[in-house]
Amino acid sequence: MFIVTLTYIAPLERIDAYLPAHRAWLEEQYARGLMLMSGRKEPRDGGILIVHAADRAELDAALRDDPFGQAGLATYAITEFVPTMSVDALAAWCAQ
């Protein structure tokens, strides 16, 4: 499991111009079963992705297709973790 922190490195006007393409990319990741949760940070200086990827290579491959990254609008900080406890609704993603 991975937590990806996006940090915007461009003005919000440029971010907003790419937002529809970024959201379409997110929808593709949800359809693949890779993305579990996503949203913007407050204050609005980036976003957070919760990703269930088989490994870092799979995550990196997906991130290469993100329009924000392709356009040089955001950087990514990646934290890998092994969830061991959760609410019942998320238990399927916990390590056994």
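Every number here is computed from the coordinates shown, using simple stated rules; none is lab data. Fair warning: this is a prediction, and the values are worked out from it, not measured in the lab. Counting neighbours? That spans all protein chains shown, and the Cβs are built from the backbone with ideal geometry, glycine included.
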Check: Under the condition of being more than 18 Å from L36 (Cβ to Cβ) and among the small types (G, A, S), which residue from the range 65-92 is surrounded by the most Cβ atoms within 10 Å (Cβ to Cβ)?
Finding: A74
Margin query: Suppose the filter is in contact with a strand residue (DSSP E or B) (Cβ under 9 Å, 6 or more places away or on another chain) and either surrounded by 11 or more Cβ atoms within 10 Å (Cβ to Cβ) or at negative phi (or both); does Q29 pass it?
Written below: yes
Margin query: Report every pair of residues separated by at least 6 positions or lying on different chains whose Cβ atoms are under 8 Å apart, first residue within the range 10-23 and more than 16 Å from L63 (Cα to Cα), second assigned to a loop (DSSP other than H, G, I, E, B) and among the small types (G, A, S).
Written below: A10/A71; A10/G72; R14/A71
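Just to confirm my filter: which helices (runs of 4 or more DSSP H) fall fully inside the range 7-84 and include at least 1 residues that are more than 12 Å from the chain's Cα centre (by Cα) and within 29 Å of A95 (Cα to Cα)? Before the answer, list the steps.
Working: elements: 12-32, 56-63, 67-70.
Here the list reads 12-32, 56-63.
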Item checked: Filter pass, R40 being of a type in the set (K, R), surrounded by 10 or more Cβ atoms within 10 Å (Cβ to Cβ) and free of Cβ contacts under 8 Å to residues at least 12 places away in the same chain -> yes
Note to self: Between a residue in the range 74-88 that is closer than 14 Å to L63 by Cα and free of Cβ contacts under 8 Å to residues at least 60 places away in the same chain and any residue that is part of a strand (DSSP E or B) and β-branched (V, I, T), which pairs come within a Cβ distance under 7 Å, given they are 6 or more apart or on different chains?
What the structure shows: none
